[in-house]
Amino acid sequence: MSIRFDKLGVVIALLVAYGALAAPFATFRANRIVPGDAKTILEALPAGAGAALLGVMVAATVVILLKTPTFLRLAAAAASLVAIALFIGMAATHLAPPENAYARVSPASGFWILLFAFALLAADSITRLKPRPVVRVLLLLVTLGGAAVILMSGLWDGLSILKEYAGRADVFWLEAGRHVTLALGSLAASVIVGLPLGILCHRVEPLRDGVLNTLNLIQTIPSIALFGILIAPLGWIAVNVPGAAAIGIRGIGAAPAFVALFLYSLLPVVANTVVGLAGVPREANEAARGIGMTDRQRLFGIELPLAMPVILTGIRIVLVQNIGLATIAALIGGGGFGVFVFQGIGQTAMDLVLLGAVPTVVLAFAAAIVLDSLIEMNVPRRERGRTA
């Protein structure tokens, strides 16, 4: 009987082998800014624990390499991710005893490679299973819930990123609120303005090219440059327009960041609205006219519902984009997770950088999954097989 190998499994198995055997699993530093001492799995963990983790990696690699049932592959990915999460917390306790307040233990490259490899395996398994949108959202909630349980258990308290958080807990949640407000607020503003503008561009064809070209031009301006360009006019408004400063309009801070994110958000919303409406079947419009529907009734009853998957795709692009770009807002006093990123860069404290970067990635990932599921739920059932 011939042994059949999974092509993607071979790639993932190579990543696992490198991450587990060749790359360091954790880094020990005497304090938060000095260079660290890299430790392999066997060096970072007590003898029995290190061997146990390697055993889990070997068992998972066998499942990955062979053409095994998809549910088994997903189970192997989940078990491996849980094991990696548990053992990195154990490594922090093992390498830096609790009484040492200055020592820092950080996940090293091997940890991140293993995390990426098994996350890739989990994503591939879920894709093969083709779960319904609601199931994908539930899987996301289970994953986030598992991470929350580990955080609340105190298992990761010895990791340097959690030590950075412990000294900034109040500030962290304040900046998290600002980050989410910037991302969602600019998205809401772009939908309020962009959706009617897209409808207008679809209905008035001579207007379309001028609007889309202008929005394309804005997209070519680097984010830092656009933030800088907005400082002068918003500063002038704050000084010369009564009440402007009282509602938060200033040359630096959240106002220019919000306006810049809003401007960047308009193109995907307007363009996808135009494309979505243009893709509505002519037969549907003709049938609506035939039964006496007015233009407004056709727009809200026929065209927008049929165009909604494409419009939601534009909104998904905007939200994920804004979650990332909101990090840059910290450079002009806009707040958000970028505060920790740039403080960490200035202090050469990479764990402080991670304190801002990791939540940003998690937010963007979660937003993408939720909106992808929402998009699929809005695709007519007869088209799902073709788009799957």
Would you list Arg73, Arg282, Arg316 from the most to the least accessible area, probe 1.4 Å? Arg282, Arg316, Arg73
So what does Leu14 come to for accessible area, using a 1.4 Å probe and Å² rounded to 10? 120 Å²
Under a straight-distance cross-link criterion of Cα-Cα below 26 Å, which lysines are reachable from Lys67, leaving out those fewer than 8 residues away in the same chain? Lys7, Lys130
Only helices counted: for the chain, with every DSSP H run of 4 or more residues adding -39500 (n - 2.57) and the sum spread over all residues, [θ] at 222 nm is -24500 deg cm²/dmol
Which of the DSSP-defined H helices in the chain satisfy a minimum axial length of 24 Å, computed from C-alpha atoms, and a minimum mean Kyte-Doolittle hydropathy of -1.0? 47-65, 70-95, 109-129, 133-153, 169-203, 223-240, 254-278, 304-325, 350-378
The chain, relative contact order in percent, only Cα pairs under 8 angstrom and at least six apart counted: 16 percent
Just the accessible area per residue of the chain, please: how many Å² with a 1.4 Å probe? 51 Å²
Note on the chain, DSSP bridge orientation, antiparallel percent to nearest 5 equals 90 percent
Accessible surface of Phe262 in the full protein assembly, 1.4 angstrom probe, to the nearest 10 Å²? 40 Å²
Using a Förster distance of 41 Å, the FRET efficiency for Phe342-Val10 (Cβ separation, nearest 0.05): 0.55
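Let me check something: with ligands and nucleic acids excluded, how do His202, His179 order by accessible area (1.4 Å probe), largest to smallest?
Sorted by accessible area, descending: His202, His179.
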Please list, in chain and number order, the residues 5+ apart from Asp37 or on another chain whose amide H is under 5 Å from its amide H, with Hs placed from the backbone. Phe28, Arg29
In whole percent, the fraction of accessible protein surface over region 7-159 that belongs to carbon or sulfur atoms, probe radius 1.4 Å, stands at 75 percent
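The values are calculated or read from the model by the stated rules, or taken from the named source; none is laboratory data. All figures in this text were calculated on a predicted structure; none of them were measured in a lab. Backbone-built Cβ (ideal geometry, glycine too); neighbour counts: all protein chains shown. Side chains included, ligands, DNA and RNA excluded: accessible areas come from the protein's heavy atoms. Shrake-Rupley method; radii C 1.70, N 1.55, O 1.52, S 1.80 Å.
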